[in-house]
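A.B. asks: Here it is, the structure in full.
Derivation of every value follows stated rules applied to the coordinates shown; laboratory data play no part. Source: prediction; values computed, not measured. We place every Cβ from the backbone using ideal geometry, glycine too, and count neighbours over all the protein chains shown.
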Amino acid sequence: MRYMLMHKVDEQDPRSHNPSPEFIQKMGGFIQEAAQAGVLLVGEGLRPTTDGTSRIRVENGKKTVTDGPFIETKELIAGFAILQVRSQEEAMEWGRRFVDLFDGELDYLEVDIRPVSEFEPEPAS
């Protein structure tokens, strides 16, 4: 089963996109362990919304494009990972360990752990 972990941070907190060297070392160890365990398929951090970010919104058929930064939004996705695990419980355990890396680093962090839809292609007729 694949799960996506998305972590959200406070875009206004300067520490959100300027991690300490100690944090980078902890995160590197976590990524290496998850990769060696065979559960990390992909994981990336996202740049702040001041760096070339745009948003397309469709509401009632009307498209609106807004360029960053998105000052009005406190919670923004700062990164993601796709994990290949055996169960939701295993995904939650990796998620808890990921959250623990941020202890003392940020005042706000939220991590969503969501199953990825596994669509099977239709058999050829």
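A.B. asks: Specify which labelled value, from (i) 17.0, 57; (ii) 15.0, 49; (iii) 13.4, 40, agrees with Rg and Dmax of the Cα atoms in Å derived from the coordinates of the model shown.
C.D. replies: Answer by label: (i).
A.B. asks: In percent, what relative contact order does the chain have, based on Cα pairs under 8 Å that are 6 or more apart in sequence?
C.D. replies: On the way: 173 pairs, mean separation 57.6, N = 125.
Relative contact order comes out at 46 percent.
A.B. asks: With each label point set 7 Å from Cα along the Cα-Cβ vector, what nm distance links Ala35 and Ser20?
C.D. replies: 2.5 nm
A.B. asks: Let me ask something additional. Return the loop-located chymotrypsin sites (Phe, Trp or Tyr not before Pro) in the stretch 35-125 (DSSP other than H, G, I, E, B) with at most 12 other Cβ atoms within 10 Å of their own Cβ; answer none if there are none.
C.D. replies: Details: sites: Phe70, Phe80, Trp94, Phe98, Phe102, Tyr108, Phe119; in loops: Phe70, Phe102, Tyr108, Phe119.
Sparse-neighbourhood loop chymotrypsin sites (Phe, Trp or Tyr not before Pro): Phe119.
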